[in-house]
Amino acid sequence: MSTQARVAILGFGLTGRIAALMLAERYQISVFEQAKQGRESSAGSVAAAMLAPLAESVICDEALALQGLESMKLWPQLLAKLESPVFFQQQGSLIVAHGQDRGDLVSFQQRLKPLKDHSAEVVNGAQIAQLEPELGGVFHQGLYLPCEGQLDNQALYQSSAATLTQQGVEINYGVHCDEVQKAKLSQAYDWVIDCRGLGAKATCNGLRGVRGEVARIYAPEVTLTRPVRLMHPRYPIYIAPKPDHQFVIGATEIESQDNGEITVRSTLELLSAAYSVHRGFAEARVLSLLAGLRPAFKDNHPKIEQQGNVISINGLYRHGYLLAPLIVKQALSKELL
């Protein structure tokens, strides 16, 4: 394939950015993004960006979780392509529950699937205090999942856009690509990579949106070194620490295609649950309250399709950051990598 071959990428969310990073050194890339610059609202811009194959095995099959383990290995390679550093860690994650919710913790543990040599470690109060000193005395039961990690999605979005622009990638914001426009681009470009997510819903059979809601807060009185999940019968949450005492707090998922703003109920539940984990969140400053829709198919598995010179990648569900590097690489490797 000529190094001057032209590739159009539709959508500049997580999969579109990864595709562009993988291809930018070898091809002439043009990106077409529906949102205006600085107003990205894709699932990847809202997510906590946790890399949790073992925890996610509770709600997905073993094969998908194993793909997540493999995909995690690709993140350091991708981040090394960026001009500015992006926070990335693999220090595991901690699952905790208050005493009255022990049943939820036990249920979670029983549903974990074995992943090669990776398994959960049961931890008591003293061990929790060793892992997260500021949670010592608050929790006396938990699980430690050492294989897991996370990154900072906001830094990734900023750094990837800057890096790709420096590499000569043409990024066109505010461009709506429907099927007619996609067909025209397939005539004008050697390859089209369709990463539109829910933007392709009209013609993508079975694609649905799954709502996610998160709060991003600044909490200088809180120090956590790894993602923490709170098991709770009504509102299980995760708390993902980012640089500079910022934290992303979210719930798992809501089976709804409502793309409206986050509700008062969800906000109260998220922040109240976070306060029950660490009292230091009481004086935290709310930086943003966001809601977004993750694209998913009925089986919650991602799909790669190719028709002529158009390659479509969609349906990463709640596993976007975990699976995207591997899924995009698989989609591109046959023809472009």
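The values are calculated or read from the model by the stated rules, or taken from the named source; none is laboratory data. All values derive from a computational prediction rather than experimental measurement. Positions of Cβ are backbone-derived with ideal geometry, glycine not excepted, and every protein chain shown enters the neighbour counts. Side chains included, ligands, DNA and RNA excluded: accessible areas come from the protein's heavy atoms. Shrake-Rupley method; radii C 1.70, N 1.55, O 1.52, S 1.80 Å.
Taking the criterion of being surrounded by fewer than 23 Cβ atoms within 10 Å (Cβ to Cβ) and either among the small types (Gly, Ala, Ser) or within 13 Å of the chain's Cα centre (by Cα) (or both), the residues of the stretch 136-148 that qualify are Gly136, Gly137.
Restricting attention to the stretch 178-222 and to residues that are surrounded by fewer than 21 Cβ atoms within 10 Å (Cβ to Cβ) and of a type in the set (Phe, Trp, Tyr), the residue that is nearest to the chain's Cα centre (by Cα) turns out to be Tyr218. The single residue among Gln158, Gln130 that is surrounded by fewer than 17 Cβ atoms within 10 Å (Cβ to Cβ), out of contact with any Lys or Arg (no Cβ under 8 Å at 6 or more places or on another chain) and within 18 Å of Val46 (Cα to Cα) turns out to be Gln158. Every condition in (1) at pLDDT 95 or above; (2) assigned to a helix (DSSP H, G or I); (3) acidic (Asp, Glu) is met by Glu221 except one, and the failing one is (2). Residues of the stretch 4-14 that are open to solvent by 20 Å² or more (accessible area, probe 1.4 Å) and in contact with a helix residue (DSSP H, G or I) (Cβ under 9 Å, 6 or more places away or on another chain): Arg6 alone.
Once the stretch 311-337 is narrowed to residues that are open to solvent by less than 20 Å² (accessible area, probe 1.4 Å) and not in a helix (DSSP H, G or I), the residue that is farthest from Ala43 (Cα to Cα) is Leu336.
Note on the stretch 15-126: enclosed helices (runs of 4 or more DSSP H) holding 3 or more residues that are at pLDDT below 95 and more than 27 Å from Gly142 (Cβ to Cβ) are 43-46.
For the residues Ile311, Ile249, Ile239, Ile304, the requirement of being within 20 Å of Gly209 (Cβ to Cβ), at pLDDT 95 or above and in contact with a helix residue (DSSP H, G or I) (Cβ under 8 Å, 6 or more places away or on another chain) singles out Ile304. Can you report the number of residues in the stretch 25-43 which are among the polar types (S, T, N, Q) and over 23 Å from Glu213 (Cα atoms)? Counting residues in the stretch 25-43 that are among the polar types (S, T, N, Q) and over 23 Å from Glu213 (Cα atoms) gives 2.
Please tell me if Lys298 is assigned to a loop (DSSP other than H, G, I, E, B) and either within 23 Å of the chain's Cα centre (by Cα) or hydroxyl-bearing (Ser, Thr, Tyr) (or both). So Lys298 passes the test. With the requirement that a residue be more than 14 Å from the chain's Cα centre (by Cα) and either open to solvent by less than 20 Å² (accessible area, probe 1.4 Å) or of a type in the set (A, V, I, L, M) (or both), what does the stretch 24-54 give you? Those that are more than 14 Å from the chain's Cα centre (by Cα) and either open to solvent by less than 20 Å² (accessible area, probe 1.4 Å) or of a type in the set (A, V, I, L, M) (or both): Ala24, Tyr27, Ile29, Ser30, Val31, Ala35, Leu54. Cβ-Cβ contacts under 9 Å between residues 6 or more apart (or on different chains), taken from a first residue in the stretch 258-271 that is free of Cβ contacts under 8 Å to residues at least 60 places away in the same chain to a second residue that is buried (at least 17 other Cβ atoms within 10 Å of the Cβ) and basic (Lys, Arg), are listed as Asp258/Arg211; Asn259/Arg211.
Just one of (1) open to solvent by less than 20 Å² (accessible area, probe 1.4 Å); (2) of a type outside the set (Val, Ile, Thr); (3) touching a helix residue (DSSP H, G or I) at 6+ places or on another chain (Cβ under 6 Å) fails for Gly125. It is (3).
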